[in-house]
Amino acid sequence: MEAAPLLEVNNIEVVYNDVILVLRGLSLKVPQGQIVALLGANGAGKSTTLKAISGLLKTEEGEVTRGEIRFACERIDGIDPHMIVRRGIFQVMEGRRIVADMTCLENLRLGAFTRTDNEVKSDIDRVYGYFPRLRERTGLAGYLSGGEQQMLAIGRALMARPKLILMDEPSMGLSPLLVKEVFAIIRRLNEELGITILLVEQNARMALSIASYAYVMEQGKVVLDGTAEALADNEDVKEFYLGGHGAERKSFKNLKSYKRRKRWL
Ligand SMILES: Nc1ncnc2c1ncn2[C@@H]1O[C@H](COP(=O)(O)OP(=O)(O)O)[C@@H](O)[C@H]1O
Ligand SMILES: [Mg+2]
C-alpha cells in the first residue's frame, strides 16, 4: 500500500468575509520529501490555498468551509497558525514579508519563535551557510536588495526547523540570475535537509525544473495534474505557461487536453 502523503488537502472550499467563494473543491497531495508545484494564473487561488494550509486565512477573514486538510495524518484545518508552525509547517509569504526595521539576525531569530531548544545559534550559522551574503549585512533588513530579502524570508522559515515549507512565488520580482540562485537553494534544502516543499509559482518553467509533481489550478480548482515531466511536455501547459510571446492567453478550460480529461472523468 502507498504511504499516506505528508500533506493532504481534500476537497476544500474557502470563503472570504462569509460570502466570497474562492476555492471550490480543491484537492492535492504532497508526499514526504518531495517538491510539488502549484501553478496557475493570477487570481486562480494559489495563495489562498497556501494560507488555508498554514492557517493564515484567519488573519484575512477567510475560512475553510468544507473539506479537510491533513498533515502527518492529522486534521489541521481550523487550528491556530502558531500551532501549525509548531507541527512543522512554515509559509514563506508572497512579497517576502520580512520585518524591514529589524536586522537580518533579528529576523532570523523571529523565525525560531516556537523553539525552546538551545540550538538556535548553530541554526543561524547553518542559514548563513546557505546564504553567505546575509552574514555580511548588519544593517536593517529593509535596505536589503529584493533577492537578499527573499533569501532572508527563506532563512527565517528554516529557523523554525519545518518539515514542510509553503513557498509563495519566490521568483517574483527577481532578476533571472537571482531566480536561478533561489531555485538552486530550494532544491538544496529539499535534498540536503529533507524538507518537503509546496511551491507556488507563475514561473512554470523554473518550478517544473525542480518539482517532481505539479498541479495546475484555475478559478479555485485543480484543472490538471501530473508528474513535472509530463506537464512540461503537455501541449496546453506549453502553450499557456511555457510558450510564449504574443500568444493569446486563453482560459485553460478551453484548451484541448483539459477537455479531453474532462471527458474521461
Ligand atoms: N482577503 C481576501 N478577501 C477577499 N477576496 C480575496 C482575499 N484574498 C484573495 N481574494 C480573492 O481570491 C481570489 C484568489 O486570490 P489568490 O489566492 O491571491 O490568487 P493567486 O495567488 O492565485 O493569484 C482572487 O479573486 C482574489 O481577489
Ligand atoms: Mg498569489
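The values are calculated or read from the model by the stated rules, or taken from the named source; none is laboratory data. Note that the coordinates shown come from a computational prediction; the quantities given were computed from them, not determined experimentally. Counting neighbours? That spans all protein chains shown, and the Cβs are built from the backbone with ideal geometry, glycine included. Calculation scope for accessible area: heavy atoms of the full protein, side chains included, ligands and nucleic acids excluded. Shrake-Rupley method; radii C 1.70, N 1.55, O 1.52, S 1.80 Å.
Kindly establish whether Phe90 is under 13 Å from Leu199 (Cα atoms) and either within 16 Å of ligand 1 (Cβ to nearest atom) or in contact (Cβ under 8 Å) with a residue 24 or more places away in the chain (or both).
yes
With the requirement that a residue be within 13 Å of ligand 2 (Cβ to nearest atom) and under 23 Å from His82 (Cα atoms), what does segment 24-53 give you?
Gly45, Lys46, Ser47, Thr48, Thr49, Leu50, Lys51, Ala52
Within the bounds of segment 162-172, is there any residue that is among the hydrophobic types (A, V, I, L, M, F, W, C) and open to solvent by 70 Å² or more (accessible area, probe 1.4 Å)?
Looking for residues that are among the hydrophobic types (A, V, I, L, M, F, W, C) and open to solvent by 70 Å² or more (accessible area, probe 1.4 Å), one finds at least one in segment 162-172, hence yes.
Could you say whether any residue in segment 60-67 is in contact (Cβ under 8 Å) with a residue 60 or more places away in the chain, more than 16 Å from ligand 2 (Cβ to nearest atom) and of a type outside the set (Val, Ile, Thr)?
No, because not a single residue in segment 60-67 is in contact (Cβ under 8 Å) with a residue 60 or more places away in the chain, more than 16 Å from ligand 2 (Cβ to nearest atom) and of a type outside the set (Val, Ile, Thr).
I need a count of the residues in segment 4-14 that are under 15 Å from Glu74 (Cβ atoms) and either out of contact with any Phe, Trp or Tyr (no Cβ under 9 Å at 6 or more places or on another chain) or assigned to a loop (DSSP other than H, G, I, E, B) (or both).
Within segment 4-14, residues that are under 15 Å from Glu74 (Cβ atoms) and either out of contact with any Phe, Trp or Tyr (no Cβ under 9 Å at 6 or more places or on another chain) or assigned to a loop (DSSP other than H, G, I, E, B) (or both) number 5.
Take segment 195-228 and flag every residue that is under 19 Å from Ile154 (Cα atoms), open to solvent by 30 Å² or more (accessible area, probe 1.4 Å) and assigned to a loop (DSSP other than H, G, I, E, B).
Scanning segment 195-228 gives Gln202, Asn203.
Take segment 138-194 and flag every residue that is of a type in the set (S, T, N, Q) and either within 16 Å of ligand 2 (Cβ to nearest atom) or in a helix (DSSP H, G or I) (or both).
Within segment 138-194, Gln149, Gln150, Ser171, Asn190 meet the criteria.
Kindly list, by first and then second residue, each pair from a residue in segment 211-229 that is more than 16 Å from ligand 2 (Cβ to nearest atom) to a residue that is open to solvent by 40 Å² or more (accessible area, probe 1.4 Å) and among the β-branched types (Val, Ile, Thr), limited to pairs with Cβ atoms under 7 Å and residues at least 6 apart or on different chains.
Ser212/Thr227; Tyr213/Thr227
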